[in-house]
1. Could you give the length gained by full extension between N88 and R62, i.e. 0.36 nm per residue of separation minus their alpha carbon distance, to one decimal place?
2. Evaluate 2.2 N^0.38 Å with N set to the residue count of segment 87-190, then give the Cα radius of gyration divided by it.
3. Starting from the Cα of K142, draw a straight line to each of the aspartates and glutamates and keep only those under 16 Å, dropping any in the same chain fewer than 8 residues away.
4. Starting with the highest mean, order 157-163, 123-129, 47-53 by the number of other Cβ atoms within 10 Å, averaged over the residues of each peptide.
5. Evaluate the charge dipole of the chain about its Cα centre and quote only its size in Debye, nearest 20, assuming +1 on the Cβ of each Lys and Arg and -1 on the Cβ of each Asp and Glu.
6. Quick one: Debye curve from the C-alpha atoms of segment 144-192, no solvent, what's log10 I(q)/I(0) at q = 0.19, 0.22, 0.24 Å⁻¹?
7. Measure off 7 Å from each Cα along the Cα-to-Cβ vector at C190 and M151, then give the distance between these two points in nanometres to one decimal.
8. Tally Lys and Arg at +1 and Asp and Glu at -1 over the other residues with C-beta under 15 Å from the C-beta of H52: what net charge comes out?
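The numbers here are math on the coordinates, done by the rules we state, and not lab data. Only a predicted model underlies this, so the values are computations on that prediction, with no experimental measurement involved. FYI the Cβ positions are ideal-geometry reconstructions off the backbone, even for glycines, and counts take in every protein chain you see.
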Amino acid sequence: MKHFMAFALLLATSFLCAQNAQVPENLDLTKLYNADQTEREGPNVDWTALYHHDIERRVQLRQWLAAGKVVTGIDYYHAAMILQHGQNPDDYLLAHVLAVTAISKGNLDARWLSAATLDRYLRSIWQPQVYGTQYQMTPEKKWVHESMNGMLISDSMRSAACVVSLDQQDRNLAGASEIKAPGRTSIENCPK
């Protein structure tokens, strides 16, 4: 009986994996994601237009979420990235949930995004961030971690989420200036 149950479980898992492999990504969502990313590139970003386009993208995305059109790991990753450019705690919290869901669906590229969206959410509700992905510039034109609970999680946990160590974050901040932003908080080519 044990062997039959193990075989049935293996068969069901294989069926579900095969079903997920056959679901194509939402190409309209991919276009929305690409627009979100492209509009932020370059030195001459039109921030007013970007603000309005971000709102339009979030409205469209929420419609797709409600209609069940966000299905694959890459869909959830794209959705999380769009929502993390939101304006309020609910946007950031939903972005975090979407990033974690992307990871659970096999998209390991969403690991850093899950950390960044959690930090962004925490900062939006006036709580200290825990990973250290969010830098801010002070009125004195100095880059800082405005509020940080760096001791809550270890650097090995940061690394598991593809976030650089606290020491590297400190070096990033030390090398930043009014003209030069701090370096990345994500580990480049993070191991899968």
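1. 7.9 nm
2. Dividing the Cα radius of gyration by 2.2 N^0.38 Å gives 1.06.
3. By straight Cα distance, K142 reaches D170, E178.
4. 157-163, 123-129, 47-53
5. With only Lys, Arg, Asp and Glu charged at Cβ, the dipole is about 480 debye.
6. Log10 of I(q)/I(0), two decimals: -0.65, -0.83, -0.94.
7. 2.6 nm
8. -2
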